[in-house]
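Enquirer: Have a look at the structure that comes next, please.
The values are calculated or read from the model by the stated rules, or taken from the named source; none is laboratory data. Remember, it's a predicted structure, so these values are computed and weren't measured experimentally. Every residue, glycine among them, receives a Cβ derived from its backbone with ideal geometry; neighbour counts consider all protein chains shown.
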Amino acid sequence: MKVKMTAAALVSVALLLGLAASAAAHTISVSPGGSIQAAIDQAKPGDTIKLKSGTYHENVQIKTDNLTLTGSGAGSTHIVPAATPSPVCGAPAGGVNGICVANADAQGNPVSTVKNVHISKLSVNGFSSSGIFYFGTSGGRVDHTIASNDGFYGIVAFVSSNTRFEWNNVSGNGEAGLYIGDSPHANATLHGNTSWANRFGVLYRDAQFGEISRNWLFDNCTGMLLLDTGAPVAGGNVTAKDNRTVANNRACAADVEEGAPPFSGAGIMVVGAHDVDIHHNVSLFNNPSGPAVASGGILVFSGTQVGAGDESNVRVAFNVALHNDPFDLNWDGAGQGIVFKNNICKTSSPAGLCPKQHGNGGGDHHGHRDHPGHGTNQGHGNHKHHKHHKHHKHHRH
């Protein structure tokens, strides 16, 4: 016998199913002195782990999908290293990650993709490797969080997609404050963050697709670096808009052992990447305070010296770049489809990239590789050193 179900009955069933799904999600509270990892291990997909105000001496790993880890505010919930930390996520050289989101084997290969893990409203400070580390994930999100004084990276995602880092404060980290790398389908969003006193405020390396917007990057050695190293995953298809890169004048010395060059006084750098759109940014007072591979407001360089090809299809338009040393705009003359248009600036290499610049006669510049005489730029002769950044060696999985 067929049973006919009325519209009202269907609605009732839908509501009941919704209530059942809602009832399945729990909030697990943890107080200082309790174990965050124990709560994580207990949690099921959809659960929220709520950390009360206080300091937690612990480092943890999350392998469960659809999990939320939230504090009571970045200024009141603090995660710091324990005297005897847990060896999670294979941090390099015995280093320690604060919060690791990954399901990987002992060799560092992802066993499964960890999906939709959300970290919010807490601080992660003083870990010898990374503060928050996503590896082999999809839909990861970190917001309203502080990551500071970590040995390598503040908040980072490798081999991941659809990542969102929003409204975070990252400072004092040894390498990058915010970092997306090794991700062919990154589709990452970095929005509204403040990043200072790092080697790089934002690093986007060998990662495809993404938007970097409305970030405040200052007092780093380099505000933003968009980099293609020639790895199997190319770097490109990235938009950087409405960012402020101001006085990124810290001096980061060269690392002879790693072959890393010195950095100082660079606002936004594009090295070897393709299909990059740099527009409506403000880059001011970026002046080197020490030796630097290159310096200035907005820089576009070839990647041939780091094993990649020339930059291509890079558009630099409608930006304000002023009071940068040695140039507001700096391009090495390589690549195809390089466009400088409608920027407010005063100095450039080559001359002619800024409106009404002396000897210019114009302001819009469309670059092609066969243009002669455009190879002069400060520091380009040492550009080959880019291929040995620490970050590339430590996390090649």
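Enquirer: Can you work out which of the residues in the stretch 137-155 that are outside any loop (DSSP other than H, G, I, E, B) and in contact (Cβ under 8 Å) with a residue 40 or more places away in the chain is surrounded by the fewest Cβ atoms within 10 Å (Cβ to Cβ)?
Expert: Ile146
Enquirer: Considering Gly235, Gly210, Gly230, which residue is out of contact with any Gly (no Cβ under 9 Å at 6 or more places or on another chain) and farther than 17 Å from Ala292 by Cβ?
Expert: Gly210
Enquirer: Quick check on the stretch 294-347: of everything there that is farther than 24 Å from Phe218 by Cβ and of a type in the set (Asp, Glu), which residue is surrounded by the most Cβ atoms within 10 Å (Cβ to Cβ)?
Expert: Selected residue: Glu311.
Enquirer: Quick one: what pairs do we get from the stretch 326-339, first residue over 18 Å from Ala308 (Cβ atoms) and modelled with pLDDT of 95 or more, second among the hydroxyl-bearing types (Ser, Thr, Tyr) and surrounded by fewer than 23 Cβ atoms within 10 Å (Cβ to Cβ), C-beta under 6 Å, 6+ apart or different chains?
Expert: Cβ pairs passing all conditions: Phe327/Thr347; Phe327/Ser349; Asp328/Thr347; Asn330/Ser349.
Enquirer: Here is a follow-up. Quick check on the stretch 228-245. Is at least one of its residues assigned to a strand (DSSP E or B), in contact with a Ser or Thr (Cβ under 6 Å, 6 or more places away or on another chain) and crowded, with 18+ Cβ neighbours inside 10 Å?
Expert: Within the stretch 228-245, one or more residues are assigned to a strand (DSSP E or B), in contact with a Ser or Thr (Cβ under 6 Å, 6 or more places away or on another chain) and crowded, with 18+ Cβ neighbours inside 10 Å.
Enquirer: Right, something else. Would you tally the residues in the stretch 161-176 being among the small types (Gly, Ala, Ser) and within 20 Å of Val276 (Cβ to Cβ)?
Expert: 2
Enquirer: Further question on the same structure: Which condition from (1) modelled with pLDDT of 95 or more; (2) farther than 20 Å from Arg141 by Cα is the one that Pro85 breaks?
Expert: Among (1) modelled with pLDDT of 95 or more; (2) farther than 20 Å from Arg141 by Cα, Pro85 violates only (1).
Enquirer: Just wondering, is there one or more residues in the stretch 122-136 that are touching a residue at least 24 places away in the same chain (Cβ under 8 Å), surrounded by 24 or more Cβ atoms within 10 Å (Cβ to Cβ), part of a loop (DSSP other than H, G, I, E, B) and touching an Asp or Glu at 6+ places or on another chain (Cβ under 9 Å)?
Expert: yes
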